[in-house]
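Enquirer: This structure is in structure tokens; I'll ask about it shortly.
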Amino acid sequence: MLRSALLAVLVAAAVAGCSHEMSDREYCVRRQMGWEMAFPNLPQSEADRTQFVEACVANVARAHDNGELARSIRCMNEHLVGHGHAYEQFTAFTQCEQVDPSRER
């Protein structure tokens, strides 16, 4: 159930990501969903998800000026397409972005 809901949200976010500017929170939620889809054997609790998203939003706020976030969003829209093998998509996404703007530095 959770997996199908995540997939539906990921697909909707991918389509929506092409038509409007993505908020920091939306970016972080999509990143977390992509990770969860790629690694289904590493389940996350709701508290884990919330903690990741909140930390990501704080970290991403620092990644606007240097272009890391824009590059990551382009890679996200290109590779996290919501169909096909989620692990391969997430791997291609992270390789494309080069630097993970959701990480604290």
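Enquirer: Quick one: in the stretch 55-86, which of the residues that are under 12 Å from R30 (Cα atoms) and not in a helix (DSSP H, G or I) is most open to solvent (accessible area, probe 1.4 Å)?
Expert: Among those residues, the one meeting the criterion is V81.
Enquirer: Additional query: Being modelled with pLDDT under 95 and among the hydroxyl-bearing types (S, T, Y), is that true of even one residue in the stretch 46-56? It would help to see each step written out before you state the result.
Expert: Initially, the stretch 46-56 is screened for residues modelled with pLDDT under 95, giving none.
Among the residues of the stretch 46-56, not one is modelled with pLDDT under 95 and among the hydroxyl-bearing types (S, T, Y), which makes the answer no.
Enquirer: Follow-up question, since we're still on this one. Find all pairs meeting these conditions: Cβ atoms under 7 angstrom apart; at least six residues apart or on different chains; first residue within the stretch 91-105 and under 10 Å from R31 (Cβ atoms); second residue in a loop (DSSP other than H, G, I, E, B).
Expert: F93/L80; T94/D100
The values are calculated or read from the model by the stated rules, or taken from the named source; none is laboratory data. Fair warning: this is a prediction, and the values are worked out from it, not measured in the lab. Cβ atoms come from the backbone with ideal geometry, glycine included; neighbour counts cover every protein chain shown. Just the protein is used for accessible areas: all its heavy atoms, side chains included, with ligands, DNA and RNA removed. Shrake-Rupley method; radii C 1.70, N 1.55, O 1.52, S 1.80 Å.
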